[in-house]
């Protein structure tokens, strides 16, 4: 007697899709930062240790975003940036901000169907949704980062704001 397979529920299908998206997003973040984190815990360990300075340069080269924009979003002053470069290590908070920015860049690149240049332009262009502030400027805080992610989600679903 053959067993009959039932069709997965919409909830199960959604959960599988969310898991695949999270795995893909983490892989893209790894690539943008030049790191290898196989899971969330591994990524957290790297953040807590503080990224090597190369992660910043790798991200900059991968995205085409400019130094002043990235330094501002990370919340790092020029002299502090120079010290991080000399020490070859970012703090936990700075590393965490880098991951947040990378996550937004991945989501923006997905929104623009893989076009990194379009994603970079959108992130650095004033947005009416944010009172003519750029999405990258909004991403200076975790609250702002969530707002940028929400806007990307609305745009993906055709809700223009």
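Coordinate-derived values only; no laboratory data. The shown structure was predicted, so the numbers you read here are calculated from the model rather than taken from an experiment. Here the Cβ is made from the backbone with ideal geometry for all residues, glycine too, and neighbour counts use every protein chain on show.
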Obtain the nm distance between the two label points defined at residue 54 and residue 128 by a simple spin-label model: each point lies 7 Å from its Cα along the Cα-to-C-beta direction.
-> 4.5 nm
FRET efficiency for residue 86 and residue 142, using Cβ-Cβ distance with R0 set to 25 Å, rounded to 0.05 = 0.35
Could you rank the peptides 73-79, 36-42 by their average count of other C-beta atoms within 10 Å per residue, with the highest value first?
-> 73-79, 36-42
Once normalised by the length of the range 71-161, the mean sequence separation of its alpha carbon contacts under 8 Å that are 6 or more apart gives a contact order in percent of 25 percent
On a C-alpha basis, how far is the centre of the range 42-104 from the centre of the range 111-147 in Å? Whole number, if you could?
-> 18 Å
Extended-chain gain in nm, criterion 0.36 nm per residue less alpha-carbon gap, residue 44 and residue 66 | 5.3 nm
Mind jotting down the three principal axis lengths of the range 20-156 based on Cα atoms? Whole angstrom, largest first.
-> 39, 36, 25
